[in-house]
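Participant: There's a structure below that I have some questions on.
The values are calculated or read from the model by the stated rules, or taken from the named source; none is laboratory data. What you see is a predicted model, and the numbers here were worked out from it, not measured in a lab. Note: ideal-geometry Cβ built from the backbone for every residue, glycine included; neighbour counts use all protein chains shown. To get the accessible areas, we keep the full protein, side chains included, count just its heavy atoms, and leave off ligands, DNA and RNA. Shrake-Rupley method; radii C 1.70, N 1.55, O 1.52, S 1.80 Å.
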Amino acid sequence: MTPVARPPSPTAGPDFVHVPVSDPRVGPLLRELGREYTERYGPQARAEIARYPDEEFTPPYGGLLLLLLEDGEAVAGGAFRRYDATTAELKRIWTHSAHRRRGLARRVVAALEREAAARGYRRVYLTTGPRQPEARSLYLATGYTPLFDTEAAPGTVDPVPFEKHLPTEPGAAPGRPARDRFTHVRARDEQERHDDLHR
């Protein structure tokens, strides 16, 4: 009896995996981020990649690093670290340059929020730089509250801080962006507590 030919199996869709910073699949993320930071902010910006110990992005220390894999290759990723007892800080949000404009960064941010909430965090905090308008747009579009005057001239706010309050119970609505434009006091307090990228 002649065997019946079967159609090839469909390509596997992207899947999230939890990995340590030492995982070789994290290499493309760190290299590409380092290159982009250097192009936008100069050679000194590369030090941001090595600023925190790897342990801060592992569960025992309150953090986590996720990669989004497609056919076994990392196409996007991101991490969070413990900022304080109730706050996770997002770091290293990345989409491979060959896979942009597919909504992968939104998926990464949403996955990190879910993981942070599952670990008891009630708030997410992050900063981006003044020369990363696409990052600013991403966080505004995904419900983050800007902790700065959104009408300030481009490049005059550094770093650019955001926060989002996570749902406190199943089915709760995610945090909504602030309606007022002026949140300088909170932004100043956050910046005094946390000297971040590009200062």
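Participant: What is the one condition in (1) crowded, with 16+ Cβ neighbours inside 10 Å; (2) at pLDDT 90 or above; (3) in contact with a Lys or Arg (Cβ under 7 Å, 6 or more places away or on another chain) that T86 does not satisfy?
Facilitator: (1)
Participant: Looking at (1) at pLDDT 95 or above; (2) open to solvent by 20 Å² or more (accessible area, probe 1.4 Å); (3) at positive phi, can you tell me which one R122 breaks?
Facilitator: The failed condition is (3).
Participant: So, one more: Anything in the stretch 38-69 that is in contact (Cβ under 8 Å) with a residue 60 or more places away in the chain and open to solvent by less than 40 Å² (accessible area, probe 1.4 Å)? List them, or say none.
Facilitator: Correct list: Y41, A45, E48.
Participant: Something else about it: Being free of Cβ contacts under 8 Å to residues at least 24 places away in the same chain and closer than 16 Å to S137 by Cβ is the filter here; which residues of the stretch 75-101 pass it?
Facilitator: Within the stretch 75-101, T95, R100, R101 meet the criteria.
Conditions tested, residue by residue: (1) closer than 22 Å to R107 by Cβ; (2) of a type in the set (A, V, I, L, M, F, W, C); (3) modelled with pLDDT of 90 or more.
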| residue | (1), (2), (3) |
| --- | --- |
| R46 | no, no, no |
| I49 | no, yes, no |
| F57 | yes, yes, yes |
| L65 | yes, yes, yes |
| E70 | yes, no, yes |
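Participant: Also, I was wondering about something else. Is it the case that some residue within the stretch 3-25 is within 20 Å of the chain's Cα centre (by Cα), at pLDDT below 90, more than 23 Å from E73 (Cβ to Cβ) and not in a helix (DSSP H, G or I)?
Facilitator: No: the stretch 3-25 contains no residue that is within 20 Å of the chain's Cα centre (by Cα), at pLDDT below 90, more than 23 Å from E73 (Cβ to Cβ) and not in a helix (DSSP H, G or I).
Participant: Within the stretch 54-145, considering only strands (runs of 3 or more DSSP E) that don't extend past its boundaries, which have at least 1 residues that are touching a Ser or Thr at 6+ places or on another chain (Cβ under 7 Å) and either acidic (D, E) or within 18 Å of V160 (Cβ to Cβ) (or both)? Can you show your working first?
Facilitator: Details: elements: 64-70, 73-84, 87-95, 123-128.
Here the list reads 123-128.
Participant: Now for a different question. Taking the stated definitions as given, is T58 farther than 22 Å from Y83 by Cα and among the polar types (S, T, N, Q)?
Facilitator: Against the criterion (farther than 22 Å from Y83 by Cα and among the polar types (S, T, N, Q)), T58 does not qualify.
Participant: Where residues in the stretch 158-180 are open to solvent by less than 30 Å² (accessible area, probe 1.4 Å) and closer than 23 Å to Y37 by Cα, which of them is modelled with the lowest pLDDT? Break it down into steps so the answer makes sense when it comes.
Facilitator: Keep residues of the stretch 158-180 that are open to solvent by less than 30 Å² (accessible area, probe 1.4 Å), which gives 159-164, 166, 175.
Now drop any that are not closer than 23 Å to Y37 by Cα, which leaves 159-163.
Working: P159: 88, V160: 92, P161: 95, F162: 97, E163: 98.
Restricting to residues being open to solvent by less than 30 Å² (accessible area, probe 1.4 Å) and closer than 23 Å to Y37 by Cα, the top hit is P159.
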